[in-house]
Amino acid sequence: EEATAKRKDAHLDLCATGDVEPAGNSTLLEDVRLVHCAMPELAVEDVDLSTEFLGKTLRHPLLITGMTGGTPRAGVVNRDLALLAERHGLAFGVGSQRAMAERPQLGETFQVRDVAPTVPLLGNIGLYQAVHLGVDGVRRLADAIGADGMALHLNAGQELTQPEGDRDFRGGYKIVEALVKAFGARLLVKETGCGIGPDVARRLVDLGVRNVDVSGLGGTSWVRVEQLRASGVQAQVGAEFSSWGIPTAAAIASVRRAVGPEPRLVASGGLRTGLDAAKVIALGANVAGMALPLFRAQQAGGLEGAERALSAILAGLRQALVLTGSANCADLQRQPRIIVGQLKDWLTTL
Ligand code: FNR
């Protein structure tokens, strides 16, 4: 249990300042071009960015994806970023609640409802930890923080690079099935930076999963984070696999095509600007997710720093809608878009 907390703070240190976004990895969002409209016939403030998520209405189609909890430092991150989500009408997720399941007194560091009473709030647990906790244990974690939904994270790539990580990935769909029964539309299944592809997404949706965060390659690499903590063979294999995954642009476009219009899709992994967010929405996402940029802005400049970073992201997103002549996200999804380069290759196969 102590080990879980230590690992968490080591992860935060590495993510705050370490080389966790391997050079050369890409979301492939640079292979997406939105088309300029010279006569938008829109006022910036009239652009409607609202969208439905977890039974609530977001003012902006953004999710600050699950990162942390379990240490005092993590508690401050959660509260600052949840407050930001409340101010701007975003959704917010806490990080893995495993530490809290092991030591209930750590629960406090996941509590954000007092600063974020209206945000769609996601709890978080790993797929295989959910087995140990059982459906009731997972439900208790969600209830304990007043969550609107539960994020179930997939991280096989990370586990295999972690000396103490899981080595047996059988039975995953069975676990998902049990959680769908308990949580229904409140369950979200997410990756953690290696991407969910169309085949896995289709199987999840067939089991009744209604929310998927593809969390693709191009941003924070958890294989790299573990590589930086590992030694010997594990470090070597970690280096080898730190560019492993489905780029975020390829994941979101192919998953939307595979699952049809109904499921709520979040696209995250390497989104760094408002224009990135606009591009994933154009490719079929309902909500754009970000973790590292807001975490880093918070670590460097506190709540005000995170506020400044978010303002630039929101301004860029709004500008992308205006300059494509889109009054809302549905309009943006109907606009023409150009797909070039490697992304085109991915999408001919996926
Ligand atoms: C994460 N991520 C993550 N995901 C999850 O489901 N449970 C978790 O506990 C964590 N912890 C965590 C900590 C930190 C510091 C970061 C930066 C990220 C993964 C995160 O939700 C997201 O899927 C990836 O980081 C990809 O998005 P970015 O960071 O490239 O925007």
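The values are calculated or read from the model by the stated rules, or taken from the named source; none is laboratory data. Everything numeric here is computed off the predicted structure, so don't read it as measured data. When we count neighbours, we look across all protein chains shown, and the Cβ atoms used for this are built from the backbone with ideal geometry, even at glycine. Ligands, DNA and RNA are excluded from the accessible area calculation, which covers all protein heavy atoms including side chains. Shrake-Rupley method; radii C 1.70, N 1.55, O 1.52, S 1.80 Å.
Restricting to the range 200-240, what's the tally of residues that are out of contact with any Asp or Glu (no Cβ under 9 Å at 6 or more places or on another chain), within 19 Å of HIS153 (Cβ to Cβ) and away from the ligand (no atom under 16 Å from the Cβ)?
Total meeting the criteria: 1.
Where in the range 176-263 are there helices (runs of 4 or more DSSP H), lying fully within it, with 3 or more residues that are over 23 Å from TYR128 (Cβ atoms) and open to solvent by less than 20 Å² (accessible area, probe 1.4 Å)? Outline the logic, then answer.
On the way: elements: 198-206, 222-229, 232-240, 248-259.
Answer list for the range 176-263: 248-259.
Just give me the residues in the range 264-296 being open to solvent by 20 Å² or more (accessible area, probe 1.4 Å) and away from the ligand (no atom under 13 Å from the Cβ), in sequence order.
The first filter runs over the range 264-296 and keeps only residues open to solvent by 20 Å² or more (accessible area, probe 1.4 Å), leaving 264, 272-273, 275-276, 279, 286, 291, 293, 296.
Across the range 264-296, the qualifying residues are ARG264, LEU275, LYS279, ASN286.
Given the condition open to solvent by 10 Å² or more (accessible area, probe 1.4 Å), of a type in the set (A, V, I, L, M) and under 21 Å from LYS190 (Cβ atoms), answer yes or no: does some residue in the range 53-61 qualify? Write out each step before concluding.
So the first thing to find is which residues in the range 53-61 are open to solvent by 10 Å² or more (accessible area, probe 1.4 Å), and the list is 54-57, 59-60.
Narrowing the set further to residues that are of a type in the set (A, V, I, L, M) leaves 54.
Adding the requirement that they be under 21 Å from LYS190 (Cβ atoms) leaves 54.
Yes: the range 53-61 contains one or more residues that are open to solvent by 10 Å² or more (accessible area, probe 1.4 Å), of a type in the set (A, V, I, L, M) and under 21 Å from LYS190 (Cβ atoms).
Give all pairs with beta carbons closer than 9 Å in which a residue from the range 263-275 that is closer than 22 Å to ALA151 by Cα meets a residue that is in a loop (DSSP other than H, G, I, E, B) and among the basic types (Lys, Arg); count only pairs at least 6 apart in sequence or on separate chains.
PRO263/ARG210; ARG264/ARG210
Here are some conditions: (1) in contact with a Gly (Cβ under 9 Å, 6 or more places away or on another chain); (2) within 12 Å of the ligand (Cβ to nearest atom); (3) open to solvent by less than 20 Å² (accessible area, probe 1.4 Å). MET67 meets all but one. Which one does it not meet?
Among (1) in contact with a Gly (Cβ under 9 Å, 6 or more places away or on another chain); (2) within 12 Å of the ligand (Cβ to nearest atom); (3) open to solvent by less than 20 Å² (accessible area, probe 1.4 Å), the lone unmet condition for MET67 is (3).
Please give the number of the condition LEU54 fails out of (1) under 15 Å from the mean Cα position of the chain (by Cα); (2) within 11 Å of the ligand (Cβ to nearest atom); (3) not small (Gly, Ala, Ser).
LEU54 satisfies all of (1) under 15 Å from the mean Cα position of the chain (by Cα); (2) within 11 Å of the ligand (Cβ to nearest atom); (3) not small (Gly, Ala, Ser) except (2).
Would you point out the residue of the range 92-107, among those that are within 9 Å of the ligand (Cβ to nearest atom), buried (at least 24 other Cβ atoms within 10 Å of the Cβ) and not hydroxyl-bearing (Ser, Thr, Tyr), that is farthest from the chain's Cα centre (by Cα)?
First, the residues of the range 92-107 that are within 9 Å of the ligand (Cβ to nearest atom): 93-98.
With buried (at least 24 other Cβ atoms within 10 Å of the Cβ) added as a condition, the list becomes 93-97.
Subset that is not hydroxyl-bearing (Ser, Thr, Tyr): 93-95, 97.
Values: GLY93: 9, VAL94: 11, GLY95: 11, GLN97: 16 Å.
Looking at the filtered set, the residue picked out is GLN97.
Run GLU45 past the list (1) within 16 Å of the ligand (Cβ to nearest atom); (2) farther than 17 Å from PHE110 by Cα; (3) free of Cβ contacts under 8 Å to residues at least 12 places away in the same chain and report the number of the one that doesn't hold.
Every listed condition holds for GLU45 apart from (1).
Filtering the range 154-172 down to residues that are away from the ligand (no atom under 14 Å from the Cβ) and either among the charged types (D, E, K, R) or surrounded by fewer than 15 Cβ atoms within 10 Å (Cβ to Cβ) (or both), which residue is nearest to GLY55 (Cα to Cα)?
If we take residues in the range 154-172 being away from the ligand (no atom under 14 Å from the Cβ) and either among the charged types (D, E, K, R) or surrounded by fewer than 15 Cβ atoms within 10 Å (Cβ to Cβ) (or both), then GLY171 is nearest to GLY55 (Cα to Cα).
For the range 1-25, which positions are away from the ligand (no atom under 11 Å from the Cβ), open to solvent by 30 Å² or more (accessible area, probe 1.4 Å) and within 27 Å of LYS279 (Cβ to Cβ)?
Listed by number, the residues that qualify are ASP19, ALA23, GLY24.
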